[in-house]
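Take a look at the structure below.
Taken together, the values in this text are just the output of simple stated rules run on the coordinates, not laboratory data. Bear in mind that the values here come from a model prediction, so they are computed numbers and not experimental data. Cβ: placed from backbone, ideal geometry, glycine included. Neighbour counts: every protein chain shown.
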């Protein structure tokens, strides 16, 4: 079947031709179709069965071009495949924390998945100061499970390499390599930043020590194939409600450093924290919500570390590659294994700070900020958040090797916002 | 064409059917065929044109099984393909330092390549104390060129990933992961070691700090995809004479840490150094050859570092990924770029020591030693070399982060052999 664009009129026929989807909408079912995507990169159709809401679905179709880049079909086709493959792994290892995958059609670049009708994208309710009491538990489970089970601490060497070979993803990775780790720190026409923080931006671009550190982190990002990472895990890739959390849109997935995903989550929460200096003028209301954010940041890391360690102890197999359990079978070996696990978690913490730090910087001086910050209309108020974000990012990068726990990262946030008076 | 085993009788017909090879042996040419492989994993045929020696060739055919492991055809087929692909890259980036590749036939798992009639495998003449005055120059060029040009310092992100995707090589990598980084340091039935150094072997297997370091190096070996490495670059994979040097047998090639290849070369030279405490009783003769080895070790590293740096300065392109040159375009940026290159070379030095150190250990207590050492018949004399090798290996691993130049690695060799009296 050659590619054709789906629309509200032809989509039901398409669905009924797919064996995996045929039972969702009987011939007499009242069905509504809405297109909710931005129409630029993907179509996103919500197809609801009004008689039986559980039999609804979302169809996401990648368009055969990326308008913004002028790219051609092979990129687009691969994009949908990487997303479907990653969803499959997320459902395998973290069931209930990603939308269920119903069907993938490579020729049509179309993914059918669970409709999350009662969830919302996390970024907006966080600007409205909504708290999510289960979020730290859920996202730390997602991180620990997807990262542990796709790493060499669980998989055998060949299993890992064959899975990795399915995620070459060279075009989408190039976007992140350019727009996160390179272009924001040099002359590049798509960069934009608030003129009121121009001093901070220029200082970043001409700081030799910082730029060597960013180059080192880019090397780790490109080459350290620790686990299958989501690679775009900001609060716009999380849908949730008061009871349930799902991670969506994993089309950037590849085998990279674990700290990148953890850092993305924490850094996005802290950008939201900073945005409330503008969004929430009432100091008490603001302090309350900011305190919830920092508690959540702390809980995410600490729960992530505990869950990752527990998964490792409980799941390592004789053919797990790093290392098989009997490698630690000597007097004192149990303690050495525990110390080795601790060292790996320390490494992930350092890279959480490092990659998270780079992501602070890129949002402040690269091609695109985050809505939490960009929705602050007054440039002076926005600059308060932006200046703090740049300073936190720099320190997370430069001081990452001295951090021994999440409180060290949080202390930097407190330090760099201590003088804020709004 | 289905697979069939080549032999002295059918090989000329095979050659004449291959378009790339048809011109080597005209119908009236006097041709001799010799099978020179060990017959266990591969056939290696030398096919000589007696009338026109330049039109001779070697045909290497991977057998459809690895007898020692009971593996099946897909492994074997892939093995020949990885070797052919690596030879292609080596010829592209280091022409004249690998045998020329004439033809690869995937179905037959057969590689046709240049016949090196005047070269010998390096291990044996080194036991006979032959010196090779151009070896340091040649092998440092091979290392610098193959590693630089397949790294992100030269390639763009997508170029590198697409090349990397051709070298999954999951089965042969598993062999090295097991037999270099895991099994020698735990109970494993194939391990063997000299009972006279049992104390050293048991100490390695129960040293928690050392075992954590080996696990860390295994992680780097498996996951740090810095460049296309040969991954088996011992002196048995080098053919040379007084004028010329070629690196052969790259079937283990994959994208891994650069220090692994450099470490393999240096560590094999030093194992030969240690073997002369037994092979060369005359102290003056021995001292002279050992001095040549250490000079060569020093020259290889120093020339490698200088050549790698020069290649980088001269070849980095706007789309080289780590980093594009204009990333360093700021006041002081030239110095920062130089400092960054220096940092990468320091990292390679550390990993040369680390991976080289692991390879010392594995040769002394794993499945297979090297002929330089195993050919010492007297166990007591062999133990002198083996004990020193284990001690050097441990120190290269544990002290790798304090090493700042090749003389630090050499000093360890001198320290650990200072008390040898034979």
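What to note about this one:
- One equal scatterer on each Cα of region B:271-422, no solvent, Debye formula: the resulting log10 I(q)/I(0) at q = 0.11, 0.16, 0.19, 0.20 Å⁻¹ is -0.54, -0.90, -1.13, -1.22.
- Per residue of peptide A:317-326, the mean number of Cβ atoms on other chains within 10 Å of the residue Cβ is 4.
- Listed from fewest to most Cβ neighbours within 10 Å, the set A:375, A:275, B:156, B:320 follows the order A:375, B:156, B:320, A:275.
- Computed label-point distance, nm, for sites residue B:302 and residue B:121 using a 7 Å Cα→Cβ extension: 3.2 nm
- Of B:250, B:30, B:125, the one that fluctuates the most in a GNM where chain B has Cα springs shorter than 10 Å: B:30
- Average other protein chain Cβ within 10 Å of Cβ, residues B:173-179: 3
- By the equivalent-ellipsoid construction on the alpha carbon gyration tensor, region A:239-316 comes out with semi-axes of 29, 16, 12 Å, ordered largest to smallest.
- C-alpha center-to-center spacing [region A:73-102, region A:304-340] in angstrom: 29 Å
- Dividing the convex hull volume of the alpha carbon atoms of the protein assembly as shown by its residue count gives 180 Å³ per residue.
- Using 0.36 nm per residue and subtracting the Cα-Cα separation, the extra length available between residue A:325 and residue A:189 on full extension is 43.8 nm.
- Across the identical copies, the label point of residue B:37 (7 Å from Cα in the Cβ direction) is separated from its matches by 5.0 nm, in order from shortest.
- Value at 222 nm in deg cm²/dmol, rounded to 500, when DSSP H runs of n ≥ 4 in chain A each add -39,500 (n - 2.57): -17000 deg cm²/dmol
- Of all the options B:87, B:233, B:21, the one that moves most in a Gaussian network model of chain B with Cα springs shorter than 10 angstrom is B:21.
- In range of the label at residue B:242: residues from region B:110-130 whose backbone nitrogen is under 16 Å from the point 7 Å along Cα→Cβ: B:118-120, B:125-126, B:129-130
- Applying D = kT/(6 pi eta Rh) to region B:120-417, where Rh is the Kirkwood radius over alpha-carbon pairs, T corresponds to 25 °C and eta to 0.890 mPa s, the Stokes-Einstein value obtained is 125 µm²/s.
- FRET efficiency, 1/(1 + (r/R0)^6) with R0 30 Å, evaluated for residue B:159 and residue A:199 via beta carbons: 0.20
- Across all directions, the shadow cast by the convex hull of region A:11-114 built on its C-alpha atoms averages 6.8 square nanometres.
- Placing a label point 7 Å from Cα along the Cα-to-Cβ direction at residue B:198 gives distances to the equivalent points in the other copies of 7.7 nm, listed shortest first.
- Using C-alpha pairs below 8 Å separated by at least 6 residues, the relative contact order for region B:202-252 is 24 percent.
- Within 10 Å of the Cβ of each residue in A:210-221, the mean number of Cβ atoms contributed by other protein chains is 4.
- With each label modelled as a point 7 angstrom along the Cα→C-beta vector, the residue B:131-residue A:419 pair spans 6.5 nm.
- Label-point spacing at residue A:12 relative to the other copies reads 7.5 nm, in ascending order, each point sitting 7 Å out from Cα along Cα→Cβ.
- GNM result for chain A, Cα springs below 10 Å: residue of A:260, A:289, A:273 fluctuating most strongly: A:289
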